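Written below as structure tokens is the structure these notes are about.
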Amino acid sequence: MEGVTPLNAGAHRLAHIHPQSMKENCRRIVDSKWFQRFIIGVILSAAVLIGLETSPALMARHGDWLHLLDKLVLAIFTLEIVVKMAAHGSQPWRYFRDGWNVFDFLIVAVCFLPMDGQYAAVLRLVRILRVLRLISGVPRLQLLVGALLKSIPSMGYVGLLLLILFYIYGVIGRFLFGGVDPVHFGSLGDSMLSLFRVITLEDWTDLMYTQMFGAGYVEGQTANTSLTPHAVVSIGYFVTFILFGTMIMLNLFIGVIMNSMNEVQIEAEIAQRARHREELGHVTVADELAKLERQLGDLKIALHATVVKLKSEGKG
């Protein structure tokens, strides 16, 4: 084969790149540690850029550079999506099977919408949401968020039980302390709002002392009121509510989340094993033979180019 040069051989080799090789290369890039760390770094940089744009002085001096960097971040996110889709080869729609990928895609897609003028605030809100992409980039954060989402149904029942407790104690507080302290227990709504303050342990003793000594109580001073405070009753009321609400109900929320975290971790391990088996199942004997055939073809082209080069040097 005369007229074949190393340059022509290289072009011939590039022309015969198999789509399977591109898929394998993209998958290797997506699964690499450096790629994941690079994307996390870009997400953190995007968060810093959004923070810098809140300063009018910086925007006045370096606004053009900040906007340019923001466009660069958007371009990197877009390229990331393209590479991840290419990693699925002839089935790019498999990219959307992962809910986190859908989340990333929506955030990037909304950033391309032409929202100016009255919609500029919406665009800024969407851009700050890009910080949430840090969750999809860190598997441990995905585990935590997945546990929170999985625990929502169970937390709903715990919340319903807590609401019943609030309602019962709110009604009791309205009848007992409504006349002594109308500011905090003058209505059912005020009573339940005060109980929320109690369950967070925010100065709950001030509320209790007010019911013990009267509405005029200030730092241990004697109350100046004609209504009779409820010293013993108020102690039992607030102490039992804290025991039931803070010590039991709030710990139930923690228990539900911890249980969901264990379930999500087990499901993640099962899904990872299933993906591994699926990847192994896709690698058939025909794929291995085709891969070997491509490697032999590339080797043959390289050997031919070397022979041609040696002959041309010998003639010279």
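The values are calculated or read from the model by the stated rules, or taken from the named source; none is laboratory data. Computed from a predicted structure; not experimentally measured. Cβ placement follows ideal geometry from the backbone for every residue including glycine, while neighbour counts extend to all protein chains displayed.
Residues being at pLDDT 80 or above, closer than 30 Å to P182 by Cβ and hydrophobic (A, V, I, L, M, F, W, C) are entirely absent from region 261-284. Residues considered: V171, V158, V183. Of these, the only one that is assigned to a helix (DSSP H, G or I), within 17 Å of I254 (Cβ to Cβ) and of a type in the set (V, I, T) is V158.
Tallying residues that are without any contact (Cβ under 8 Å) to a residue 12 or more places away in the chain and not in a helix (DSSP H, G or I) within region 70-110 yields 2. Selection of region 67-86 for residues being farther than 18 Å from I40 by Cβ and surrounded by 15 or more Cβ atoms within 10 Å (Cβ to Cβ) yields M85, A86.
For region 92-118, the set of residues classified as modelled with pLDDT under 80, exposed (fewer than 13 other Cβ atoms within 10 Å of the Cβ) and over 26 Å from K150 (Cα atoms) consists of F112, L113, P114, D116, G117, Q118, listed by residue number. Selection of region 21-53 for residues being farther than 13 Å from L134 by Cβ, of a type outside the set (A, V, I, L, M, F, W, C), under 23 Å from the mean Cα position of the chain (by Cα) and loosely packed, with under 13 Cβ neighbours inside 10 Å yields D31, S32, K33, G51.
Taking the numbered list (1) outside any helix (DSSP H, G or I); (2) at pLDDT 85 or above; (3) among the hydrophobic types (A, V, I, L, M, F, W, C) in turn, I17 passes all entries but (2).
Conditions (1) at pLDDT 90 or above; (2) touching an Asp or Glu at 6+ places or on another chain (Cβ under 6 Å), marked per residue:
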{"site": "S154", "(1), (2)": "no, no"}
{"site": "Y169", "(1), (2)": "yes, no"}
{"site": "L193", "(1), (2)": "yes, no"}
{"site": "D203", "(1), (2)": "no, no"}
{"site": "T210", "(1), (2)": "no, yes"}
{"site": "G214", "(1), (2)": "no, no"}
{"site": "S226", "(1), (2)": "no, no"}
